[in-house]
Structures are given as C-alpha cells and as structure tokens.
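Trainee: One structure, pasted below without further comment.
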Amino acid sequence: MKIVFMGTPDFSVPSLHELIRAGHEILAVISQPDKPKGRGKNMQFTPVKEAALEYGIPVYQPDKVSNPEFINQLKGWNPDIIVVIAFGQILPREILDIPRFGCINVHASLLPAYRGAAPIQRVIMDGKKTAGVTTMFMSEGLDEGDMIDKIEIPIEDKETYGSLHDKLSLAGARLLLVTLDKLEKGEAARTVQDSSVSNYAKMIHKQTGHIDFTDSAETIERLIRGLNPWPSAYTKLDGKNLKIWDAVVLDDEYPGIPGEIVELTDKSLYVKTGRGTLSITSLQMEGKKKMNTNDFLRGYKVIKGTVLG
C-alpha cells in the first residue's frame, strides 16, 4: 500500500518500523512540530521524525493539518491509506475523505472504553485487569470510528505505565499489519462502537500525580504505577517534593492519620492512608537520584510520626 503515516511519540515508532519491514511504501511522515526540551531549550525532533529520517522518508510538520495548502499537498500524494497513531491533531473531514481505504487509527485501548488522550495510564489507575489495542476507521468524533480489530493484553500485578506502554506499542504494530492485510483483501469488518459504555481517559498533567493520602492504599498504589515513569506520583517530606516510584499495599492497619509515617523498617516506610497502609519501597527526594528506601534511610533521617503531604 501507498501510505501516509501520521504519528509523534515513541508509541508510534514500532508501527512505522513494521510498515517498512512489511514492504509498504511510506510516501511521507507527518509529525507534530519539534519542541524545545531540557535546560538549554534546544529543539528536539519527535521520536517519529527521528525514525523516519533514518529511513530517508520525507517528514512534514504542519502547525495545523487543516491548513488548505497542506491538504492540497496531501491530495497530491494520492495515498491508498492514512495511518494515524498518537499524532496529536484532529483530522478534518476533508482529509478523512482523501485515501481510498480511508484513515486508520491505532488506539491504545479496548474501545469503546478509554477514548481520549491517556488510556494507558487510566486503565492502570482504575485497577483494570486487561488492556489492549484497537484499530478503527477514523471519524470526526474523538475515537468514535467503527472498529476493525482488537488485541487484548493482560495487566500484570506490578505493571507500570512504562511497561504497559511498550507492550501495547508492539502489539499495535502487529495488529496494524493484520488490519491492512484485511483491508487489501476486502475482508475488514466494521463494528460500530457502543457509546453508552464508553468512557473518557482525560489528559494526564503533572498535578495528576499529587498523592491524596485520604484515598485507599490500593488506589494510591495504582496511581504510583500508572504514572511511572511520567509524570510520577509525589508528595512532600520536610517541605520538599518526594516522588514515590514503588509501593506495596499492606493488610496491616495502624493507628494514625492519613499521610502519617506509622512505622519504619530497614527497607520501607509504612504510611497510613484513608484505608489501609502503604509500604513505600522506592522513592526520590527533590534534587536527588531515585533509590530504594533502604538506601534513602541511610542518608536521610526520617522520624516516625512525620506526616507526608
């Protein structure tokens, strides 16, 4: 197939690799504009742009794909299909109607569940046991198009956003090839989404990671995993930000108030929550490197009874 590929972050890259490996012709790659990053604010290529340039594929980064000049350029390429994966812009009807096979999206959830920007984080934070990827025909609505194929991925007990992201990214790349093969053969079935059972995975911000210790230990532990490695769950200790990277839910109940350090061991801080106790086993003090709690306690004096937050 002659394909225009639209994608921006790391999640999209394995699909681009698989399309090329499978022999599809990538006419062009469309990605979001480069952004400044780091202390020096140097402009950094998007991960998809970096991958495309390695293959010598032309890359275009319009501020808005709805720009008439860009749409005319897209029409001139005459693609069989446009593949969209975590691109970051809504496609207008004029673009959706260009390819003969339509515009196909690879979405990191088992639609119609978790439409929106952050399905991977939210499915962990909500305590679900299964995640997945869906391929669908794109429509003008947000992740509302007719579904084509799905693949389910079990969520492990200690699954993090980072580990699940990588699993779904690779699974999505494989599923995309299956979907394209069905489209070429005229065997791709369309399944309308049941919007009555959909939900919205709203965008994640740094503030999402603020730990409310009045929540249950189970809820907080899922928050920690769902935001690892970004933006991370955090609280405050002695007025400084304290990132929490790993924790275990304990059955034991201790007297105290939510956020209070109710017990210290060689390897952990026990923190009282709204329901249950949380054993913090990996953390990172502001301005310091990530470390296990055992190493942290060797260099930082923590007093039992201190309240986090």
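Any read-out appearing in this document is the output of simple, stated calculations on the displayed coordinates, not a laboratory observation. Please read these numbers as outputs of a predicted model, since none were measured by experiment. A quick note on method: Cβ atoms are made from the backbone with ideal geometry, for glycine too, and the neighbour counts reach across all protein chains shown.
Trainee: Counting Lys and Arg as +1 and Asp and Glu as -1, what is the net charge of the other residues whose Cβ lies under 10 Å from the Cβ of Ser198?
Mentor: -2
Trainee: Return the ratio Rg/(2.2 N^0.38 Å) for the range 44-193, where Rg is computed over Cα atoms only.
Mentor: This ratio for the range 44-193 stands at 1.09.
Trainee: If you don't mind, there's one more thing I want to ask. If you build a Gaussian network model of the chain, linking Cα atoms that sit under 10 Å apart, which residue out of Val192, Val83, Val106 swings the most?
Mentor: Maximum among the listed residues: Val192.
Trainee: Same structure again: Mean-square fluctuation check for the chain, GNM, Cα pairs under 10 Å: which of Lys288, Lys129, Lys41 is largest?
Mentor: Fluctuation is largest for Lys41.
Trainee: Is the range 207-299 rounded, prolate or oblate when judged by the Cα gyration tensor, a ≥ b ≥ c being the square roots of its eigenvalues, rounded requiring a/c under 1.5 and prolate requiring a/b larger than b/c?
Mentor: Because a/c hits 1.5 or more and a/b fails to exceed b/c, the range 207-299 counts as oblate.
Trainee: Also, quick follow-up: If we count every other residue with Cβ under 13 angstrom of Val249's Cβ, Lys/Arg +1 and Asp/Glu -1, where does the sum land?
Mentor: Combined, the nearby Lys, Arg, Asp and Glu give -3.
Trainee: Would any residue of the range 120-148 have its amide N under 19 Å from a label point 7 Å out along Cα→Cβ of Ser195? List them or say none.
Mentor: Residues 136-148 fall inside that zone.
Trainee: If you don't mind, there's one more thing I want to ask. What FRET efficiency do you get for Lys304 and Lys158 if R0 is 30 Å and r is their Cβ-Cβ distance, rounded to the nearest 0.05?
Mentor: With a Förster radius of 30 Å, E is 0.65.
Trainee: Under a GNM of the chain (C-alpha, springs under 10 Å), which listed residue has the highest mean-square fluctuation: Met291, Met136, Met43?
Mentor: Comparing Met291, Met136, Met43 in a Gaussian network model of the chain, the most mobile one is Met43.
Trainee: I need the helices of the chain that pass two filters: whole DSSP H segments spanning 20 Å or more by Cα along the axis, and mean Kyte-Doolittle score no lower than -1.0.
Mentor: Membrane-span-like by this rule: 161-185.
Trainee: Per DSSP helix of 4 or more residues, -39500 (n - 2.57); summed, then divided by the residues of the chain. What does that give at 222 nm, rounded to the nearest 500?
Mentor: When only DSSP H runs of four or more count, the value is -7500 deg cm²/dmol.
Trainee: First select every other residue whose beta carbon is under 12 angstrom from the beta carbon of Thr219; then total the charges, Lys and Arg +1, Asp and Glu -1.
Mentor: -2
Trainee: Moving to a separate point now. Relative to 2.2 N^0.38 Å, what does the C-alpha radius of gyration of the chain come to as a ratio? Two decimals please.
Mentor: Against the empirical 2.2 N^0.38 Å value, I get 1.16 for the chain.
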